[in-house]
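What follows is one structure encoded as C-alpha cells, with my remarks underneath.
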Amino acid sequence: MTPVMKSESSTGSATSPAAESAAAPPALSVQDRIVLELARRGPDPAMHLGLVLLLDGEPPSLGRLAEELAPRLANLPELTFRLGGSARRPRWEPDPAFDLARHLHELPGQPAIDGGDGTDGGGRDAVLTALLDLPLHRDRPLWGIWLVRRPGGFALCYRAHHAFQDGLAAVETVERLFGPPARQKQPRSSAAAEPDRPPRWNADLLRELLPPVRRTARWSALASPPSGERAAYTADVDLARLHRISRATRANVNQICLAVLAAALRAWHPADWSAPGPGLCATLAVSVRAADHPYRLLGNCSGVARVPLPCPEASPLGRLRLLQEQVTFARFAELGRRHRVLYQRMPYWCGSLSLSRSIDPRFTPLTLADVRLRRELEFAGAPVGAVLPLPVSVPGQPLFVAWTTHRRRLYTTFLADAGVPGAGALPGLWEQELDALAAEAEAARIPGPRQ
C-alpha cells in the first residue's frame, strides 16, 4: 500500500507530526512502566484496550480509511511516538519511519457481526473476543485500527497498549479521529487548572492510597483458575432509562451503573451474598493527567479508586444509596489530585509494589471503567451506530466491566476469563437488575441534591 503520509526522504520514511513539536520526548511515567511490567507477566495482548465502532453500509478499503484519517492525524502527534530509549531509561520517541498504513489492518477470519441494534449480541461478542489477541508491534507506535466486515455493514476497532494510553486518552483519540471535523481542535480538559499542592498525610489519605489489607469477600468467580483466554459479552440499553432513575433518585449515571452491576453480580452468584458481609472490592480508574501535559494523549495517566460494591445489600435502592455516599465527584477529584502528586514523586519500585497488591484478585477481584464519549462519531459522513468498549484484562482477575454512551444508548462490555462458568449470563442479569432498580426508584423518589 502506498504510504498516506508524505515522504521527506528518498528512503520513503513518512513525516511524523511529532518531529516538529517543540516539547521534548517524554520519559515513561511510573504508570507506563508498571503497565509494561504487568504485560510481561502474561500475554502481551492482555494489556490492550480500545473501542469498537459499528456502522452500516459498504465497508471502505484500507486505502479509503487512510485517506479519511490522515488529515486528522496531523493534530495527533502522540500517535507517532513509539517505545524507545534504554532499559534503564525508557522514553517515548518519535517514530522516524512512521507510516499510517502500518497501523491499519483488516481482521482475518472474522466472525459475523450484527448491525449494532442489540438483536444479535452473540455476533458482536464474537468479534470483540476475536480482537483481543491481535498483536501491536513494538517497533512502531503501540496502536492500530482494525476493519471488520459484517453483513450489511462494518466495524472499526481502535486498539492501543495500556502503557501507550489510558482509557480516557483512548476515548479522546477516537473522538478526534472519528468525531465531527469542525471540532477537531477542541479537546476537552481532563484536569483542573489550579496547581497541585502536596497532600497532607493522614489516616484518610493512607486508607485511600494503600492497598487493601484484608481479602475480599468470598466470590465464586474466583473459584476457577485463570485459563489465560478471555471472552467478551455486551449489553446496551436506552440511556433514557438511566436518566429516569437519575431524576427519581438524584443519582448520577456512574452511580446507577455501579448499583446495577452490584445487583447483577449478586444475582449471578446468589449463594455468595445470602448473609450480611463486606462488599466486593473493585477498582475504578481516575484521571491523574496534568492540565499542562505537553502530550495529553500519550502514556498512562490513571490512578485507582477502590469501590466496595454493595452486593450483600438486598434492596436496589439500598445499594444505590450506599454508592451515592461513597462514589462522589468531590472524592474522585481529590483522589485524582493526590495520586497525580504522588505518582510524580513515587519511585518505580514503590509504585509497582503498591499496584501489584491493589490488583491482586484475593484483595481486588475485578476492575471497572467509565469511559463515556462526549461526542457523536462518524466515518466519511456516515454515523456510527453503536460503540462497544474493549477493556484490558488485568492479570489474575476474572472480570473487567466497562461502559460508555453514544447516541442516547449505554453500552457495557463484560470481559471475563473464559474459564469462569456462566459469565455469558451477565448482560441479561444487567438488564434485569436495571429494570428492578427503575421500578423501585419510580415507586419511591429520593429527595436531595444530585451527587
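The values are calculated or read from the model by the stated rules, or taken from the named source; none is laboratory data. Just so it is clear, the model here is predicted, and its values are computed rather than measured. Reconstructed Cβ throughout: ideal geometry from the backbone, glycine too, with neighbour counts over all protein chains shown.
Candidates in region 177-197 are the residues that are at pLDDT below 95 and not in a loop (DSSP other than H, G, I, E, B); of these, the one that is surrounded by the fewest Cβ atoms within 10 Å (Cβ to Cβ) is ALA182. Scanning region 278-327 for residues that are part of a helix (DSSP H, G or I) and touching a residue at least 12 places away in the same chain (Cβ under 8 Å) turns up PRO316, LEU317, ARG319, LEU320, ARG321, LEU322, LEU323, GLN324, GLN326. Restricting attention to region 122-147, the residues that are surrounded by fewer than 20 Cβ atoms within 10 Å (Cβ to Cβ) and either at pLDDT below 90 or assigned to a loop (DSSP other than H, G, I, E, B) (or both) total 13. Filter region 223-245 down to the residues that are touching a Ser or Thr at 6+ places or on another chain (Cβ under 8 Å), under 30 Å from PRO395 (Cβ atoms) and either without any contact (Cβ under 8 Å) to a residue 40 or more places away in the chain or among the aliphatic types (A, V, I, L, M) (or both) and list them by number. Passing the criteria: ALA231, ALA232, ALA235. For the criterion of being out of contact with any Cys (no Cβ under 6 Å at 6 or more places or on another chain) and modelled with pLDDT of 75 or more, ALA97 passes.
Answer with yes or no whether ARG64 is under 28 Å from CYS301 (Cα atoms), of a type in the set (D, E, K, R) and modelled with pLDDT of 70 or more. First the steps, then the outcome.
Numbers: under 28 Å from CYS301 (Cα atoms): no; of a type in the set (D, E, K, R): yes; modelled with pLDDT of 70 or more: yes.
Taking the combined requirement at face value, the residue does not satisfy it.
ALA382 - would you say it is surrounded by fewer than 19 Cβ atoms within 10 Å (Cβ to Cβ), at pLDDT 80 or above and not assigned by TED's automatic domain parsing to the domain that holds VAL171? Don't jump to the end; show me each part of the working.
Details: surrounded by fewer than 19 Cβ atoms within 10 Å (Cβ to Cβ): yes; at pLDDT 80 or above: yes; not assigned by TED's automatic domain parsing to the domain that holds VAL171: yes.
Judged against the criteria, ALA382 is a match.
In this structure, ARG289 does not qualify as surrounded by fewer than 19 Cβ atoms within 10 Å (Cβ to Cβ), modelled with pLDDT under 95, touching a Lys or Arg at 6+ places or on another chain (Cβ under 7 Å) and of a type in the set (Lys, Arg).
Residue-level check: of (1) among the charged types (D, E, K, R); (2) at pLDDT below 85; (3) under 18 Å from the mean Cα position of the chain (by Cα), GLU172 misses just (2). Is it the case, given these coordinates, that PRO212 is at pLDDT below 90 and either in contact with a helix residue (DSSP H, G or I) (Cβ under 8 Å, 6 or more places away or on another chain) or surrounded by 18 or more Cβ atoms within 10 Å (Cβ to Cβ) (or both)? Judged against the criteria, PRO212 is a match.
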